1. Between the helical axis of 123-135 and the dominant principal axis of the chain, each derived from Cα atoms, what acute angle in degrees is found, rounded to the nearest 10?
2. Taking Cα centroids, how far is the range 33-93 from the range 113-164 in Å?
3. Give me Ser146, Ser29 sorted ascending by neighbouring Cβ count inside 10 Å, so fewest comes first.
4. How far apart, in nanometres, would the label points at Arg134 and Ala163 be if each is projected 7 angstrom from Cα along the Cα-to-Cβ direction?
5. Which label marks the calculated value of percent of Cα pairs over 24 Å apart, given the options (1) 39; (2) 44; (3) 29?
6. Which residue, Pro109, His24, Val44, has the largest displacement toward the positive end of the dipole of the chain when charges sit on each Cβ (Lys, Arg +1; Asp, Glu -1)?
7. Among the DSSP beta bridges whose two residues both lie in the range 2-164, what percent are antiparallel, rounded to the nearest 5?
8. So if R0 is 25 Å, what FRET efficiency would Tyr173 and Ser30 give, r being the distance between their Cβ atoms, rounded to the nearest 0.05?
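What follows is calculated from the coordinates using simple rules that are stated; it is not laboratory data. This one's a predicted model, so the numbers in the text were calculated from it and none came from an experiment. Note: ideal-geometry Cβ built from the backbone for every residue, glycine included; neighbour counts use all protein chains shown.
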Amino acid sequence: MRIGILGGGRVGSALAATWRERGHDVSVSSRDTVAETAGPVDVVVLALPARAVAEALAAAGPLDGKVLVDATNNVSGGPGGLEIAALAPGARYVKAFNTVFATFMHETPPERPASLVLCGDDDGAKGITAELVRDLGFEPVDVGGSDQTPLVEALAHLVIRLAYTQGRGFFVYRFEPR
């Protein structure tokens, strides 16, 4: 699969490294290469601060028909997930990868797969994203349509709070089957 990652920080770099190891064709943008990174790919991943999303999507150009995976966490200002989806109206929006710490995106714990939640309205886009989740070594958990985006973002805020303000450190979560 051809994947363009907008943002080369911890999340973008970890995702790129793992997906390349799994055989995907991955490019990572700098601020000056957003359009070139987003243009010739099937999947565009937003792995940058939320406050930089509007500018990056404007620079990317039309994303009509592409899967747009939003891995952002709005912790320092910027649009939330539903606003991000509206900035790329022709894209097939999925919220994912924002509830797991970057360190586990390349060095997944070796036990049975931890869970990783995702949501969106396009079943095909969620299927592609679920495949990418599995390639990271996680179990994809589809929590519903885009209307669930605020809840996925709230889970990310809770995970971040537990890790940093309550001193729990980095961790993964797992939803056990019934």
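1. 60
2. 16
3. On the way: Ser146 18, Ser29 23.
Result, fewest neighbours first: Ser146, Ser29.
4. Placing both labels 7 Å along Cα→Cβ, they lie 2.6 nm apart.
5. (3)
6. Pro109
7. 15
8. Taking R0 as 25 Å, the efficiency between Tyr173 and Ser30 is 0.20.
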